[in-house]
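Structure, as structure tokens:
The values are calculated or read from the model by the stated rules, or taken from the named source; none is laboratory data. Just so we're clear, the structure is a prediction, and the values are computed from it rather than from any experiment. All Cβ positions, even for glycine, are placed from backbone atoms using ideal geometry, and neighbour counts span all protein chains on display. Side chains included, ligands, DNA and RNA excluded: accessible areas come from the protein's heavy atoms. Shrake-Rupley method; radii C 1.70, N 1.55, O 1.52, S 1.80 Å.
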Amino acid sequence: MASNYKILVNMPISDEEVPDLRELIGWGRRDGDFPALFQRCNFWAGVRDEDNRLIAFGYVAGMGLEHGYMEDVLVHPHFQKQGIGEDLVKELLRESERFGLEIVTLTYAPKHAGFYQRCGFSECPGGIWRK
């Protein structure tokens, strides 16, 4: 399902907007990540509503070589289930191709497997190290 919202790559985003969105969906704010994230990731994309509020965000990090890592795919709770998340992920993948990335990985909770498969990802084994 396609949304009626425009996905913008590398759109201007103020330092508090992503932490505010993270908090709205129940994640930690991570205020210290901004603005450094915008300077260090390969690219990001976002969506604004008719009142110019940030309602969706995601980014692809990496070293700018052949592999990128998609992270923080966020959609405001009032705008979920409208196709915005799928449009956002697909736009991030199109930008990954334009950027020259051949592989994009991400991690997700098992309940989101169907969503990411619809976006073009295939499941694969992996591992994670956490401090």
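Residue check, PHE79 against (1) surrounded by fewer than 12 Cβ atoms within 10 Å (Cβ to Cβ); (2) in contact (Cβ under 8 Å) with a residue 24 or more places away in the chain; (3) not polar (S, T, N, Q), all met but one. Which one?
(1)
I need the full set of residues from the stretch 105-129 which are closer than 25 Å to GLY64 by Cβ and either open to solvent by 70 Å² or more (accessible area, probe 1.4 Å) or polar (S, T, N, Q) (or both), in order please.
THR105, THR107, SER122, CYS124, GLY126, GLY127, ILE128, TRP129
Out of all the residues in the stretch 45-60, which are part of a strand (DSSP E or B) and open to solvent by 40 Å² or more (accessible area, probe 1.4 Å)?
Scanning the stretch 45-60 gives a single hit, ARG48.
Considering only the stretch 9-31, I want to know if a residue exists there that is in a strand (DSSP E or B) and either open to solvent by less than 70 Å² (accessible area, probe 1.4 Å) or modelled with pLDDT of 95 or more (or both).
Within the stretch 9-31, one or more residues are in a strand (DSSP E or B) and either open to solvent by less than 70 Å² (accessible area, probe 1.4 Å) or modelled with pLDDT of 95 or more (or both).
What are the pairs, 6+ residues apart or on separate chains, where a residue within the stretch 105-131 that is at negative phi has its Cβ under 8 Å from a residue that is at pLDDT below 90 and β-branched (Val, Ile, Thr)?
As it stands, the answer is THR107/ILE128, since those pairs meet every condition given.
Of these, GLU71, GLU102, which one is under 12 Å from the mean Cα position of the chain (by Cα), closer than 19 Å to CYS41 by Cα and surrounded by fewer than 18 Cβ atoms within 10 Å (Cβ to Cβ)?
GLU71
Residue-by-condition table, conditions (1) hydrophobic (A, V, I, L, M, F, W, C); (2) free of Cβ contacts under 8 Å to residues at least 24 places away in the same chain; (3) touching a Cys at 6+ places or on another chain (Cβ under 9 Å):
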| position | (1), (2), (3) |
| --- | --- |
| ASP33 | no, yes, no |
| ASN42 | no, no, no |
| ASP72 | no, no, no |
| GLU86 | no, no, yes |
| PHE99 | yes, no, no |
